[in-house]
Structures are given as structure tokens and as C-alpha cells.
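Please read the structure below before turning to the comments.
Bear in mind these aren't lab numbers, they're just calculated from the coordinates by the rules spelled out. Given the structure is predicted, the values throughout are model-derived calculations rather than measurements. When we count neighbours, we look across all protein chains shown, and the Cβ atoms used for this are built from the backbone with ideal geometry, even at glycine.
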Amino acid sequence: MEYFQEGLQKCQKLAYLSIQINSSAIDNQKINFFLSGLQKLAQLINLQLDLNFINIESQGILELGYLLKSLNSLTTLDLNLSNSLIKNDGALCLIKSLENCKNIQNLKLSLRGAGISDKGIADIFYGLFQIQNLTSLSIDLEHNQIGCHGVTDIGQNLVQLKQLKTLVLELSFNQIKDEGLKNLGLGIKQLKSLALHLFLRYNQFTNEGVNQLGKCLGMCENMQSLVLDLGFSKLQCDENKFELVSYLALNKNLNFLQLEVKGCQINSQIAESIGQGLSQFFNLQQLTLKLNFNAIDQLGACHLANNLSLCQNLNALNLEFDQNKIGDQGVIGLISNIKKIQNLESLSLDLKNVQLGNQGIEELGLNLGNQSHLLKLKISLHGNNIDDKGGFSLGLNLGLSKSLQILELLIGANELTNFGKNQMFSNLKYGKCIIALNIAKKNSINQITKNKLLKILRLTKFT
């Protein structure tokens with residue numbers, strides 16, 4: 001540590017610094033000494049400081065506060081105090097110091113598992129709105145004890161951050177219920193121009209709270225990008241209809257949407273409701289929809305895709321159905337409707353463990369092979385019932401594509417023999433436009449087939 005201090009003496013004009021400290025290699029006395037040494041870097045503009053799993057005591061928090069107060073030129077700060085158990089008092093001390101960093105524009109603060117309750121959250125966000133130049137805020141509060149009062153305070157104080165353009169808010173694994181979710185939305189909707197990433201996995205809200213949040217987000221008129229993760233919430237166990245996506249569609253300027261509802265007990269009725277909402281997004285260009293670990297059957301998949309085909313401005317689509325029982329007919333309905341999206345250039349399909357067999361895989365290959373504008377394709381087919389016949393057909397049809405340039409094909413844990421895998425990939429030789437191919441190690445084709453593909457396809461990338 002003394003050598004570190006000596007090194008700092010020679011770096012007085014340092015503008016950028018990134019440090020990660022191993023929790024097993026430092027004690028509280030050394031961390032205090034280390035933090036006091038950083039105070040000499042008065043010209044520092046960008047600081048990344050990773051203190052994950054370091055149990056900083058009160059004196060360490062004070063030293064960290066003195067450090068932040070001394071760095072008047074700082075514009076970007078990435079501070080990781082996750083799993084440090086600073087609790088409410090430490091959070092208050094930290095945020096009081098941040099209030100003096102008037103020039104900070106980009107702040108990333110990780111306080112995951114830090115033992116912070118509603119009282120600490122109120123102090124944190126009251127302090128944050130004192131930083132008037134803040135344009136980008138990312139704060140990770142996963143695995144704390146945040147309830148209705150805490151999340152309400154977040155919403156109320158966000159209103160004060162008038163200059164904020166990007167907000168990443170990680171609130172998974174807390175105790176947020178419907179009322180808190182509504183109040184959070186009321187605060188966010190005041191930020192008219194915002195790119196929002198909101199993570200709310202494993203909380204206690206229902207459809208009612210989700211609908212209220214969606215109604216507020218739909219009123220953010222200038223929001224163009226939204227990532228919303230509601231994973232592992234019990235959305236079906238509620239008497240209210242799931243109208244989140246229809247409310248989001250009220251925002252006509254949204255062009256990027258990532259919606260994650262993994263493990264939310266979503267059935268085919270809710271899947272159809274999601275599709276009906278998506279059909280109202282006339283300007284949407286990029287969509288990621290993660291529906292893994294739900295109860296969607298073939299009818300739900302067909303209804304969802306039928307509505308999705310109305311989004312004619314989509315150029316990039318990522319759909320994840322892992323562990324849903326959509327079967328051959330669901331995949332056929334899905335892919336026949338996706339084919340109708342004329343501007344689609346990039347497609348990623350996660351169809352792992354969906355009870356897919358030869359009939360579905362043949363139709364999937366045929367439709368995708370005829371997709372005239374498709375340039376990039378990723379298909380995950382792990383854990384289905386595809387044998388050599390289905391693999392042969394898939395390879396042949398994809399190989400006949402006149403547009404496909406980048407292909408990633410993951411097809412492990414099916415019923416293909418090694419001979420069948422080799423035939424499937426050999427059929428790709430007809431794909432004259434393919435320049436990059438990822439087949440994953442689990443697919444394990446032999447070296448002869450690899451050499452043929454490299455020679456015939458003239459690949460620039462083969463992994």
C-alpha cells in the first residue's frame with residue numbers, strides 16, 4: 001500500500017482511474033489509508049472504484065466521503081459498494097459527500113445487498129437531486145429492504161432531476177407492491193425525455209400495479225428506448241386484465257423495447273394481450289420479448305405472432321420462448337407470421353425446450369430461408385425432438401437463403417446423430433452469402449465438415 005501511495009505522488013495530473021480491490025487482500029485500516037491517498041488526485045475526471053464485498057466500517061465511509069469532496073473536477077463516477085453492508089447511516093454519509101460533486105454528469109452507484117431500508121433510500125434520492133448536472137444515472141439497489149415508502153420516495157425525487165437523459169434503476173429482490181409501483185411510475189412520467197432501464201424482478205406487485213406503471217410510462221412522450229424487466233412476478237394471479245403493453249403503445253415515439261416477463265405464470269390469454277398491445281407500435285424498430293418459463297401453448301404463440309406481424313417497421317426482433325409448450329404448430333404459426341414482417345434484417349429465436357419436432361423445424365427452415373431481407377439469424381433449439389431428417393431439412397433451407405450473412409445455430413440435446421449433424425451443416429454450402437457462422441461446441445461436427453464449410457462458404461468468421 002505504501003508503494004501505491006508513492007505511485008500516486010507521481011500521478012497528480014491523472015484524469016482517468018479504474019481500481020478493483022480484492023476483499024481478501026485488504027483490511028479496514030488499509031482501505032482508509034488507500035482512500036486518503038486518492039484525495040491527492042485533484043484533476044481526476046473519471047473514477048471507477050470497485051469495493052465489492054469489502055465491509056467498510058464507519059471510518060472507511062468517512063474517508064470515502066472526504067475523497068469525493070476533494071475531487072471537484074469529477075464528471076464520471078462508477079462506485080461499487082455492493083455487499084458491503086453500509087446500511088442506512090453509511091448511505092447517508094456517502095450521499096452527503098456526493099452532493100458536493102457538483103460537476104458529476106454520469107453516475108453509476110452499486111449498492112446491491114447493502115442492508116438499506118426505506119429510510120436510507122429516502123436519503124439517497126434526496127441527495128441525488130442536489131446534483132443538478134446529472135444526465136445519466138445508474139443505481140443498483142437489488143437485494144435490499146425497499147418497500148412502498150422507499151420506492152415512492154424514489155419517484156418523488158426523480159421529478160427533480162430535470163436534466164436526466166438516461167436512467168438505469170435496479171430494484172429486483174425487494175418488497176415492492178402495487179401502490180409503490182404506481183408511485184414510481186408517477187415520478188418517472190415527469191421525465192419527458194428519457195432512456196429507461198427498469199429492473200423489478202422478484203417483487204410483490206400484481207397486474208394492477210403493472211398496468212398503472214404502464215399507463216405512466218406510456219405518457220413519457222419523448223421516451224424512445226425502454227428496457228423493462230418484470231421477471232418472476234405473479235402476473236396471472238390477479239383479477240385485473242394485463243394491459244401493460246397497450247398502455248406502453250400510447251407512446252408513439254418508442255422505437256426500442258425490451259420486455260422481460262420470465263416466469264410470470266403467463267398463459268396464452270395474456271400472451272394474446274401482449275400481442276394486441278404490440279400491434280399498436282407502428283414506429284417500433286427493435287423488439288426483445290423474453291417469455292421464458294411460462295405456460296404459453298401453441299394457440300398463444302400463434303395469436304402473439306399474428307399481432308406482431310403488424311409491426312412492419314421492425315428491423316430487429318428477439319423472441320425467447322424457452323420452456324413453453326408451443327410445439328410444432330406453435331412454431332409454424334410463429335414463423336409464418338414473422339415472415340410477413342418485410343423490413344426484418346435481424347432475428348433471434350430462443351426455442352429451447354418447446355417440444356419442437358421435425359414438422360415444425362422443416363417449416364421454420366423453409367420460411368426463414370425464403371425471408372428476402374434477413375441478414376442475421378440466431379436460432380437456439382436445444383432440448384427438442386429434432387432428428388437427422390429435420391436437421392437435414394433445416395440446413396438445406398437455410399443454405400438456400402439469398403440474403404443471410406451471419407448465422408448462429410445452437411441445436412444440442414436433440415435426436416441428431418453425428419452423421420445427421422454433419423449433413424445438416426454440410427447443406428449450408430449452398431449459402432453463398434454467409435460470411436460468419438457460429439455452430440457452438442456442443443454441436444461437435446467433425447473436422448472434415450469444418451474444412452468443407454471453410455472452403456465452400458469462404459467464411460470470415462467460424463466459431
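If we sort 88-95, 205-212, 15-22 on the protection proxy, mean other Cβ atoms within 10 Å, highest first, what's the order?
Averaged packing, sorted descending, gives the order 205-212, 88-95, 15-22.
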### Query
What translational D, rounded to a whole number of µm²/s, comes out for the range 327-367 from Stokes-Einstein when the hydrodynamic radius is the Kirkwood one over Cα pairs, at 37 °C and 0.692 mPa s?
309
### Query
Among the aspartates and glutamates, which fall within straight-line cross-link reach of Lys177, defined as a Cα-Cα distance under 17 Å, with same-chain neighbours fewer than 8 residues apart omitted?
Asp118, Glu142, Asp153, Glu208, Asp229, Asp238, Glu239
### Cα-based Rg of the range 95-210 normalised by 2.2 N^0.38 Å, two decimals
0.98
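Provide the three semi-axes, in whole Å and in decreasing order, of the ellipsoid equivalent to the range 9-129 as defined by the square roots of 5 times the Cα gyration tensor eigenvalues.
Sorted largest first and rounded, they come to 21, 18, 12 Å.
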### Task
Please report how far the C-alpha centroid of the range 117-154 lies from that of the range 313-335, rounded to the nearest whole angstrom.
38
### Task
With the cut-off at 22 Å, report for the range 300-429 the share of all Cα pairs above it, as a whole percent.
28
### Query
Looking at the P(r) of the range 152-271, how many percent of alpha-carbon pairs lie beyond 24 Å?
19
### Summary
Per the helix-only model, the chain has a calculated mean residue ellipticity at 222 nm (DSSP H runs of ≥4, -39500 (n - 2.57) each, divided over all residues, rounded to the nearest 500) of -11000 deg cm²/dmol
#### Entry: Anchor Lys108: aspartates and glutamates whose Cα lies under 12 Å away (excluding residues fewer than 8 positions away in-chain)
Asp50, Asp78, Asp140, Glu170
### Task
With 10 Å bins from zero, work out the P(r) of the range 251-303 over every alpha carbon pair and list the percent per bin.
25, 51, 24, 1
### Task
Can you tell me the relative contact order of the range 94-246? Whole percent, Cα pairs under 8 Å, sequence separation 6 or more.
19
#### Entry: Inverse mean reciprocal Cα-Cα distance (Kirkwood Rh) of the range 48-94, Å
11.1
### Query
Hey, how much of the P(r) for the chain falls beyond 45 Å, as a percent of Cα pairs?
25
### Query
For the range 347-444, what relative contact order do you get, as a whole percent, if you take Cα pairs closer than 8 Å and at least 6 residues apart?
30
### Message
With the cut-off at 21 Å, tell me which of the pairs Lys69/Lys96; Lys189/Lys252; Lys290/Lys325 have Cα atoms farther apart than that.
### Response
none
